[in-house]
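Taking it in order: structure first as structure tokens, then the write-up.
Quick note: the coordinates plus some simple rules give every number you see, no bench work behind them. Since the model is a prediction, treat every value here as computed from it, not as a measurement. For neighbour counting, all protein chains shown are included, and Cβ atoms are generated from backbone atoms with ideal geometry for every residue, glycine included.
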Amino acid sequence: MDTYQITIELERGEHTKEEAIEAVKKLYPEAKQIKRVKDYRTLRQNSALHKFFSQVSQEFNDKHITVKDFLGGSIELQFTPEIVKEIWRRIQKGAFNKNSTTELSKNGEIGFVYDALNLYVSERYKGEVILPKWPSIDNLREPE
């Protein structure tokens, strides 16, 4: 028999934990186990992360800083959001021993990695490169 894990994400204040559990029991009376998952990053935080990766790669490319300039090595590459995400992962792995951004706690760990990357970039490039502010709900939308 196959088993499935279903994750339901609720914003604070929408429903109580008990109401959420009751709703799941009504939808899935055959559910064997219902439990609260750790406070991993939210879908909005995931959107903000990916927006941030795009903004950072654009900032480096606008300043003509290559991956070789930033990380060393022998291959000249322009920054991409994926490359920025890998740099982010290196910091989170060193700080929290977590390989995936999905494992980050929504309270504190994302801010820690952001601050560490921001500090490194500002010290290394002496203010020449300014990382974008953390994306908010207002600036997550693409301009029309």
message = Tell me which GluC sites (Glu not before Pro) from segment 15-87 have a DSSP coil assignment and no more than 16 other beta carbons within 10 Å of their own.
response = Glu30, Glu76
query = Which entries of Lys85/Lys106; Lys63/Lys133; Lys51/Lys93; Lys63/Lys93; Lys68/Lys93; Lys51/Lys106 show an alpha-carbon separation above 19 angstrom in the structure shown?
reply = Lys51/Lys93; Lys63/Lys93; Lys68/Lys93
inquiry  = Cross-link candidates for Lys26: which lysines have Cα within less than 26 Å, leaving aside residues fewer than 8 places away along the same chain?
reply    = Lys17, Lys35, Lys38
query = Could you give the dipole magnitude of segment 39-135 about its Cα centre, charging the beta-carbon of Lys and Arg +1 and that of Asp and Glu -1, in debye to the nearest 20?
reply = 220 debye
task = Hey, can you grab everything whose amide H is under 5 Å from the amide H of Tyr40? Only 5+ residues off in sequence or another chain; H modelled, so Pro and N-termini drop out.
result = Lys106
